[in-house]
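Reading through the structure tokens given below for one structure.
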Amino acid sequence: MAGFLRSMIQVLPIFFFLVLQHSQAIRFDIAPAGTKCVSEDLQTNTLVLANYHIVKADLPHGSNPKINARLTSPYGTTLHFAENKDEGQFGFTTTEAGNYMACFWMHSHADNVPASIELDWKFGVAAKDWASIAKKEKLEGLELELRRLEDVVDSIREEMYYLRDKEAEMRGVNETTNARVAWFSIMSLFLCLMVAAWQLWHLKSYFERKKIL
Amino acid sequence: MAMALALALAALLLASIRSADALSMTVYRTECVQEHVEYANDIVTGNFVVVDHEIFWASDHPGIDFVATSPAGVIVSSIRGSAGDKFSFTAAMPGLYKFCFHNTAPSPETVDFYIHVGHILNEHNLAKDEHLNPVHVKISQLKEALESLMADQHYLRSRVERHHNTNRSTQKRLLFYTIGEYLALAAASVTQVLVLKHLFNRKIGYTKL
């Protein structure tokens, strides 16, 4: 019992240390007058979770810039729009496949200070709420880890199917182009001959009319 | 008690998952993205593909330059004039790493990129913490292998997208240029006949007079 308690005390600090780590995120700058857009090609039924915030550490003292954010679906509908905030989050499940774009721009140009935005954008397996899945299915430790790996493998397989379908579509386009090249070349030759024949016939009848031939 | 211990182990393993970042950005002149690396000796892998379809002569475009810089300002990876490539380096120090894309062409390019920071539990962690056994190390390696699979898939997907754009553009160009060619041929032959008739008309006119 004492040994177990001692080992637990050793493990707990690691647990807290790791839980307090900020999650991985990507950081980019926005110029005072510019818009930065990032996009990602997603398939249907993908869970997307994102949160963004302005990095306060890099800002000069006293400035408090605010940004606007807009998230658009592949067909142009706005899925999320937030104005004059310095942080925000959104989460949704995609209903159509395509390019989802998130754009950020400064709310007021008065500041003229470039801001650094940190965007944490997760989709698919990484976006799942593993804590609740662990509780629901009563998984712990290694089992939870392996369950996550199983989901990763599933998503890899889905991606392979998608690549295969895309390759089939591309092959269709290529074969159509191939057939069209053949047809158009034959038609081009045919058209050339027809035009030559018409020219000859027309000029011959013209010369006969003018009594030259 | 056991639950807390199990959760701690899970947290330890889950924390070694670094969420990969996949984004697509339009590069006008220079675009930079920063990513935080937690531990020293983490392996940062990634790839980028230039997906564009506005270029007329594809061979003219020099590609874009990619530069990865460590927090100390040392260039850790640099690829010049490429339309898509993979990169990988070991992060010597933790901190904010900067990945920059430079576009030398006048037209903007869309770049799909994927960055993944991977941390494998190694013997050092094993020695420090008695509750990690070699199984955890192996699972950590398996996880990294799967993450590298996902990175490769993302790269393939971007390449396929670019290829698809080229194919669609080829088909469209074929159709329009062929129709243009037929019209030009017809117009040229009609013009020939008209000019000849006009020349002969003038000549005949002089003769008849």
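Just so you know, all these numbers are worked out from the coordinates, no wet-lab data involved. Note that this is a predicted model, so its numbers are computed, not measured. Note that each Cβ is placed from the backbone with ideal geometry, even for glycine, and that neighbours are counted across all protein chains shown.
Just A:M160, A:M170, A:M101 to compare: in a GNM of chain A, with alpha carbon springs under 10 Å, which one fluctuates most?
Between A:M160, A:M170, A:M101, it is A:M170 that shows the largest mean-square fluctuation.
Once the Cα atoms of helix B:134-208 and of chain B are each reduced to a long axis, what angle between those two axes, in degrees from 0 to 90 to the nearest 10, is obtained?
Long axis of B:134-208 versus the principal axis of chain B: about 10 degrees.
So if I place +1 on the C-beta of Lys and Arg and -1 on the C-beta of Asp and Glu, and nothing else carries charge, what would the dipole magnitude of chain A be about its Cα centre? I want it in debye, nearest 20.
Working: 23 positive and 26 negative charges, 219 e Å.
The calculation lands at about 1040 debye.
Work out, in µm²/s and without decimals, the Stokes-Einstein translational diffusion coefficient of the range A:139-213 at 37 °C, 0.692 mPa s, Rh from Kirkwood over C-alpha pairs.
This corresponds to a translational diffusion coefficient of 178 µm²/s.
Could you list log10 I(q)/I(0) for chain A at q = 0.08, 0.12 Å⁻¹, which the Debye formula gives when each Cα is one point scatterer?
Debye output, listed in q order: -0.56, -0.89.
How big is D for the range A:35-109, in µm² s⁻¹ as a whole number, if Stokes-Einstein is applied with the Kirkwood radius of its Cα pairs at 25 °C and 0.890 mPa s?
Working: Rh = 13.3 Å.
Calculated translational D: 185 µm²/s.
On a C-alpha basis, how far is the centre of the range A:36-59 from the centre of the range B:79-106 in Å? Whole number, if you could?
Cα centroid to Cα centroid, the span is 20 Å.
Show which lysines lie in cross-link reach of A:K204 when reach means a straight Cα distance below 17 angstrom and same-chain residues fewer than eight apart are skipped.
Once the sequence-local lysines are set aside, what remains near A:K204 is B:K197, B:K203.
Starting with the fewest neighbours, write out B:F66, B:F101 ranked by other beta-carbon atoms found within 10 Å of each beta-carbon.
Values: B:F66 24, B:F101 21.
The fewest-first ordering by Cβ neighbours comes to B:F101, B:F66.
Roughly what percent of Cα-Cα pairs across the range B:21-120 reach past 24 Å? Provide the component values of the computation, followed by the final result.
Details: 1091 of 4950 pairs.
Considering the range B:21-120, 22 percent of its Cα-Cα pairs are separated by more than 24 Å.
Mind pulling the angle between the C-alpha long axis of helix B:2-15 and the longest principal axis of chain B? Nearest 10 degrees, somewhere in 0 to 90.
Tilt relative to chain B: about 40 degrees.
For the protein assembly as shown, what mean projected area does the convex hull of the alpha carbons give, in nm²?
On the way: hull surface 123.7 nm².
For the protein assembly as shown, the mean projected area of the Cα convex hull comes to 30.9 nm².
For the pairs A:K36/B:K86; A:K85/A:K166; A:K66/B:K143, flag any whose C-alpha to C-alpha distance is greater than 30 Å. Spell out each step's value before the answer.
Details: A:K36/B:K86 24 Å; A:K85/A:K166 39 Å; A:K66/B:K143 38 Å.
Going by Cα-Cα distance, A:K85/A:K166; A:K66/B:K143 fall outside the 30 Å limit.
When only DSSP loop residues count, what chymotrypsin sites (Phe, Trp or Tyr not before Pro) in the range A:63-109 have their Cβ near at most 13 other Cβ atoms within 10 Å? Mind showing how you got there, number by number?
Values: sites: A:Y75, A:F81, A:F90, A:F92, A:Y100, A:F104, A:W105; in loops: A:Y75.
When the chymotrypsin sites (Phe, Trp or Tyr not before Pro) of the range A:63-109 are filtered for loop state and at most 13 Cβ neighbours within 10 Å, A:Y75 remain.
Enumerate the calculated ³J(HN,Hα) couplings along the range A:206-211 in order (Karplus 6.51 cos²θ - 1.76 cosθ + 1.60, θ = phi - 60°), each rounded to whole Hz, writing x wherever the residue is Gly or Pro.
Once θ is set to phi - 60°, the couplings for the range A:206-211 become 5, 5, 5, 5, 7, 6 Hz.
Output needed: Cys residues of chain A lacking any neighbouring Cys C-beta below 4.7 Å, sorted by number.
A:C192
Hey, what D do you get for the range A:165-206 in µm²/s if you plug the Kirkwood alpha-carbon radius into Stokes-Einstein at 4 °C and 1.567 mPa s? Could you put the intermediate results ahead of the total?
Values: Rh = 12.6 Å.
In µm²/s, the coefficient rounds to 103.
Pick out, in residue order, every one of the trypsin sites (Lys or Arg not before Pro) in the range A:122-153 that is DSSP loop and has at most 16 other C-beta atoms within 10 Å; say none if there are none.
Details: sites: A:K122, A:K128, A:K135, A:K136, A:K138, A:R147, A:R148; in loops: A:K128, A:K138.
Counting only loop positions with at most 16 other Cβ atoms within 10 Å, the trypsin sites (Lys or Arg not before Pro) in the range A:122-153 are A:K128, A:K138.
Take the Cα atoms of chain B, build their convex hull, and give its volume per residue in Å³. Mind showing how you got there, number by number?
Working: hull volume 29.8 nm³, N = 209.
It is 143 Å³ per residue.
With just the Cα atoms defining each centre, how far is the range A:60-123 from the range B:137-209? Give it in Å.
With the range A:60-123 and the range B:137-209 each reduced to a Cα centre, they are spaced 38 Å.
Calculate the tail of P(r) for the range B:121-201: the fraction of all Cα-Cα distances greater than 23 Å, expressed in %.
64 percent
Residue farthest toward the positive end of the dipole of chain A, with Cβ of Lys/Arg at +1 and Asp/Glu at -1: which of A:L203, A:S39, A:G141?
It is A:L203, whose Cα lies furthest towards the positive end.
With axes computed from alpha carbons, what is the tilt in degrees of helix A:2-19 against the longest principal axis of chain A, rounded to the nearest 10 within 0 to 90?
Taking the Cα atoms of chain A, the angle to A:2-19 is about 40 degrees.
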